[in-house]
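Asks: A single structure is presented below for examination.
The values are calculated or read from the model by the stated rules, or taken from the named source; none is laboratory data. Bear in mind the structure is a predicted one, so any value in this text is a computation, not a measurement. Because the Cβ atoms are built from the backbone with ideal geometry, glycine has one as well, and the counts that use them run over all protein chains shown. Please note that ligands, DNA and RNA were not included when accessible areas were found on the heavy atoms of the full protein model with its side chains. Shrake-Rupley method; radii C 1.70, N 1.55, O 1.52, S 1.80 Å.
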Number of protein chains: 2
Amino acid sequence: MNIYRYEQNPLVTPADVKPHRPDFEVIGAFNAGIAEYNGEVIMLLRVAERPISPDPDVVLAPVYNVERGELDLFPVRLDDEDYDFSDPRVIVRKEHAPSFEYLTSLSYLRIARSKDGRHFTIDDKPFVYPSQSLETFGIEDPRITQIGDTYYIYFSAVSPVGIGESLVSTKDFESVTHHGMIFGPDNKDVLIFPERVNGKYYALHRPTTKSCGRPEMWIAESDNLLYWGNHRHLIGLRDGMWDSGRLGGGAVPIKTDRGWLELYHGATKDNRYCMGAVLLDLNDPSKVIARSGSPIMEPEADYEQNGFFGGVVFSCGALVDGDRIRMYYGAADTSMACAELSLSEILNSLEAV
Amino acid sequence: MNIYRYEQNPLVTPADVKPHRPDFEVIGAFNAGIAEYNGEVIMLLRVAERPISPDPDVVLAPVYNVERGELDLFPVRLDDEDYDFSDPRVIVRKEHAPSFEYLTSLSYLRIARSKDGRHFTIDDKPFVYPSQSLETFGIEDPRITQIGDTYYIYFSAVSPVGIGESLVSTKDFESVTHHGMIFGPDNKDVLIFPERVNGKYYALHRPTTKSCGRPEMWIAESDNLLYWGNHRHLIGLRDGMWDSGRLGGGAVPIKTDRGWLELYHGATKDNRYCMGAVLLDLNDPSKVIARSGSPIMEPEADYEQNGFFGGVVFSCGALVDGDRIRMYYGAADTSMACAELSLSEILNSLEAV
């Protein structure tokens, strides 16, 4: 696969983002939803910030307090034997493992804008910040589907009752309308198709199950984007392959003459995240036509291999212009980067299912 | 609480049900959905059957094969150290614990009919049997909501990709229309309200989450019963109380002049299942008004304390006639029983939230 990584990569790093309050530090600006608006490329960053702890033996866990409209910071001592700090993203109370008790950072959405798709200017303030009871641990990994002049923005809403997927919409990237949680917990990696197919809206989604089953891709349908049903299992993990540990949708499905092309992420059990693709029937996206035998992109550059959580390329949005795909992606749960790939080369690389 | 358990209890036991094939045995006839149709009480039993193993050292795990339209029986040796058989309901592959690999029985739905609500005649054949790829491990714990002349029947659909809630409908308890999975995995204990409230249908549901959160009750809304959204968390577990371990909806919500009364099950961490109640606002069921401080019913009778999984009363349906509630319930994951309670006594017992 021919991959052209931009010379400017990483395009946005945490150092480029001013924290939203002085006692916080930005540790990630990554996994951005992508849209084109008003002649510019919009990168809707997931910004992750953590409180700067005055005591090196204490972690401060940020939690949004809906009643007070501001963050609470819960101190947890690093030498407290009731807790496990081995995953830098979460604080696990050992008796409740593998569930987490707190996140170590708060994520929210912030806009970066660019005329050329390579040089971005970052807004001074958050665009979508936790405000609901289902968002008190933060909002993560946005995707953007444009339908007409409306941009539907949906993201993982994280709170002590689980992780679900919530929806907001905007027409101007200034004001936002909230539409509530569209996929109940546990769910992530929702991708809404950009047009109706045979009269129905479709969305990919990724339940995380506990009873049985694995983190795999499902598809659902809707007639209004708010209410979803007819949930069906779409593609599963493949033992011994690049998507053997977990997988989930990445970019908004791309309409091609051969079918709907979904660029998705897959990870091995040791959390090496690559990007691959799956092709779905143009008239019935619940039918899988072909799929990547090997990744279309692997974490190889330094900024992909090293970071807050290294060995990760994770796209939440791409722009298509003829045969050229500009795939924006989060690198190492830290920064944003972009790579260009050929649409026809990806399609030709897929193996019939 | 005054509880009148029928003298005929248990009303249906596994011994009353003929297995659907000669090489199987019925181990449960329980957790029935309840409806009134054609002057009769319909008990839509969850029947659990297991293959009789010719080898006492081998368990046969039943799995529906959609292509062949019949069951596969997978042998697992009881001395295979890769597996854990300590929970009689499931076979756990230790490396995947706590997820299960197989169920030990196959559940499906079968009709029992009664003129007096106490003496039931059981149909010879299954009414709803696994037929879809999301049902290959069986279908469990049906509930029935009557809207007009249509009976909406929904149940846990269990398969290797998780447990979700699927919907069928009937007008005559003979033919059935399938409507697909309405709540994706992991989800159980869905209860659809019997009428629109302020123009929307509502349903209670019970996600099982893995990331964080506990098995608690949520509410969602719909405009067509098929597609659901605006998921909100409704009530949570209460440490040290009868519903400290898990909870979920039980009977279809009952409309009273004080609000929607939901009879729900709660269990302690050591799996003692009781029934209690929660009262929801008549015009906005996402608002909780009052709730049981102590259970309205606990497992006390011998047939409730002893069985396949003892210490369980678990209602999936009740009939209301003035102040009298006939609460049908599964006892010890084995049999069906019924108890009469006073609606006003339950309402008066609730504690304001």
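Asks: Over the range B:160-294, what is the relative contact order in percent, taking alpha-carbon pairs closer than 8 angstrom and at least six residues apart?
Replies: Working: 318 pairs, mean separation 21.5, N = 135.
Dividing the mean separation by the residue count of the range B:160-294 yields 16 percent.
Asks: Hey, another quick one. Given q = 0.10, 0.12 Å⁻¹, what are the Debye log10 I(q)/I(0) values for the protein assembly as shown, with equal point scatterers placed on the Cα positions and solvent ignored?
Replies: Relative scattering, expressed as log10 I(q)/I(0), comes to -0.98, -1.33.
Asks: Before I look further, what does chain A give for accessible area per residue, probe 1.4 Å, in whole square angstrom?
Replies: Per residue, chain A has 37 Å² of solvent-accessible surface.
Asks: Right, something else. What number comes out for the charge environment of B:W228, summing +1 per Lys or Arg and -1 per Asp or Glu over other residues with Cβ under 11 Å away? Walk me through the numbers before you get to the answer.
Replies: Numbers: positive: B:K200; negative: B:E165, B:E221, B:D223.
Here the charged neighbours net out to -2.
Asks: Here is a follow-up. Report, in debye and to the nearest 20, how large the dipole of the protein assembly as shown comes out about its Cα centre when Lys and Arg carry +1 and Asp and Glu carry -1 on their Cβ.
Replies: Numbers: 68 positive and 106 negative charges, 227 e Å.
Charge dipole of the protein assembly as shown: 1100 debye, to the nearest 20.
Asks: Can you tell me the FRET efficiency between A:I147 and A:N283 if r is taken as the Cβ-Cβ distance and R0 is 30 Å, rounded to the nearest 0.05? Before the final figure, lay out the partial values.
Replies: Working: r = 19 Å, r/R0 = 0.63.
So the FRET efficiency works out to roughly 0.95.
Asks: While we're here: For the range B:68-132, treating each Cα as an identical point scatterer without solvent, what Debye log10 I(q)/I(0) comes out at q = 0.15, 0.22 1/Å?
Replies: -0.68, -0.94
Asks: How many percent of Cα pairs in the range A:1-70 exceed 20 Å?
Replies: Considering the range A:1-70, 50 percent of its Cα-Cα pairs are separated by more than 20 Å.
Asks: So what's the back-of-envelope 222 nm ellipticity for chain B, counting only DSSP H runs of four-plus at -39500 (n - 2.57) apiece and dividing by all residues, rounded to 500? Walk me through the intermediate numbers first.
Replies: Details: 2 runs with 11 residues, N = 353.
The per-residue figure over chain B is -500 deg cm²/dmol.
Asks: Determine how large the accessible area of B:L103 is when every protein chain is in place; take a 1.4 Å probe and give Å² rounded to the nearest 10.
Replies: So the heavy atoms of B:L103 present about 20 Å² to solvent.
Asks: When only alpha-carbon atoms are used, what values of Rg and Dmax, in angstrom, describe the range A:22-148?
Replies: 16.7, 53
Asks: Right, here's the next one. Give the relative contact order (percent, whole number) for the range B:4-352; include only Cα pairs under 8 Å separated by 6+ residues. Write down the numbers at each step before the final one.
Replies: Working: 955 pairs, mean separation 50.5, N = 349.
So the answer I get is 14 percent.
Asks: Then there's this: How large is Rg over Rh for the range A:202-259, taking Rg from the Cα atoms and Rh as the Kirkwood inverse mean of 1/r across Cα pairs? Could you put the intermediate results ahead of the total?
Replies: Working: Rg = 13.0 Å, Rh = 12.9 Å.
Answer for the range A:202-259: 1.01.
Asks: Follow-up question, since we're still on this one. As a test question: what accessible area, to the nearest 10 Å², does A:D82 have when a 1.4 Å probe is rolled over all protein chains in place?
Replies: 80
Asks: When the convex hull of the Cα atoms of the range B:190-332 is projected onto a plane and the area is averaged over all directions, what value comes out in nm²? Let's see the in-between values first.
Replies: Working: hull surface 37.0 nm².
Projected over every direction and averaged, the Cα hull of the range B:190-332 covers 9.2 nm².
Asks: Please report, for the Cα atoms of the range A:168-231, the Rg to one decimal and the Dmax as a whole number; what are they, in angstrom?
Replies: Here Rg and the maximum Cα pair distance are 13.2, 42 Å.
Asks: At what distance in angstrom do the alpha carbon centres of the range A:1-64 and the range A:92-113 lie from each other?
Replies: So the two Cα centres are separated by 15 Å.
Asks: To the nearest 100 Å², how much accessible surface do chains A and B cover up together, summed over both, with a 1.4 Å probe?
Replies: Working: alone 14710 and 14700 Å², together 26310 Å².
Accessible area lost upon association: around 3100 Å².
Asks: Oh, and also: To the nearest 20 Debye, how big is the dipole of chain A about its Cα centre, given +1 on the beta carbon of each Lys and Arg and -1 on that of each Asp and Glu?
Replies: So the magnitude is around 800 debye.
Asks: Counting only other chains, and only Cβ atoms inside 10 Å, what mean value do you get across the residues of B:217-227?
Replies: Working: counts 0, 6, 1, 6, 3, 4, 4, 4, 2, 7, 14.
Counting Cβ atoms of other protein chains within 10 Å of each residue's Cβ and averaging gives 5.
Asks: What is the sum of charges around A:F314, taking Lys and Arg as +1, Asp and Glu as -1, for the other residues whose C-beta is under 9 Å from the C-beta of A:F314? Walk me through the intermediate numbers first.
Replies: Details: positive: none; negative: A:D141, A:D333.
Charge balance near A:F314 sits at -2.
Asks: Now, a different point. Note the direction-averaged projected area, equal to a quarter of the hull surface, for the Cα convex hull of the range A:248-340, in nm². Spell out each step's value before the answer.
Replies: Details: hull surface 24.0 nm².
Its average projected convex-hull area is 6.0 nm².
Asks: How high is the FRET efficiency between A:E95 and B:R93 when r is their beta carbon distance and R₀ equals 25 Å, given to the nearest 0.05?
Replies: Details: r = 24 Å, r/R0 = 0.96.
About 0.55, to the nearest 0.05.
Asks: Using a 1.4 Å probe on the heavy atoms of the protein chains only, list every residue of the range A:128-161 that has 10 Å² or more less accessible area in the complete assembly than in its chain alone.
Replies: Relative to the lone chain, where solvent access is computed with a 1.4 Å probe, the range A:128-161 loses at least 10 Å² at A:L134, A:P160, A:V161.
Asks: Within the set A:K269/B:K188; A:K188/A:K287; A:K269/B:K94; A:K94/A:K269, which residue pairs have Cα atoms separated by over 23 Å? Mind showing how you got there, number by number?
Replies: Numbers: A:K269/B:K188 28 Å; A:K188/A:K287 21 Å; A:K269/B:K94 17 Å; A:K94/A:K269 21 Å.
Cα-Cα > 23 Å for A:K269/B:K188; rest within.
Asks: With just the Cα atoms defining each centre, how far is the range A:311-326 from the range A:204-278? Give it in Å.
Replies: Taking the Cα centre of the range A:204-278 as reference, the centre of the range A:311-326 is 16 Å away.
Asks: Could you check how much of the accessible area of the protein assembly as shown is carbon and sulfur, as a whole percent, using a 1.4 Å probe?
Replies: Details: 11940 of 26310 Å².
After summing per-atom areas, the C and S share lands at 45 percent.
Asks: Whole percent per 5 Å bin, from 0 to the bin with the longest distance: what is P(r) over all C-alpha pairs of the range B:230-284?
Replies: Answer for the range B:230-284: a P(r) of 5, 20, 24, 23, 16, 9, 2, 0 percent.
Asks: Related question: Give the share of C-alpha pairs in each 10 angstrom bin for the range A:122-242, from 0 to the last occupied bin, in whole percents, shortest bins first.
Replies: 13, 42, 33, 12, 1
Asks: Which one of B:A301, B:H231, B:S133 has its Cα pushed farthest toward the positive end of the charge dipole of chain B, where Lys and Arg give +1 and Asp and Glu give -1 at the Cβ?
Replies: B:H231
Asks: Kindly state, as a whole number, the per residue volume in cubic angstrom of the convex hull around the alpha carbon atoms of chain B.
Replies: Expressed per residue, the convex hull around the Cα atoms of chain B is 136 Å³.
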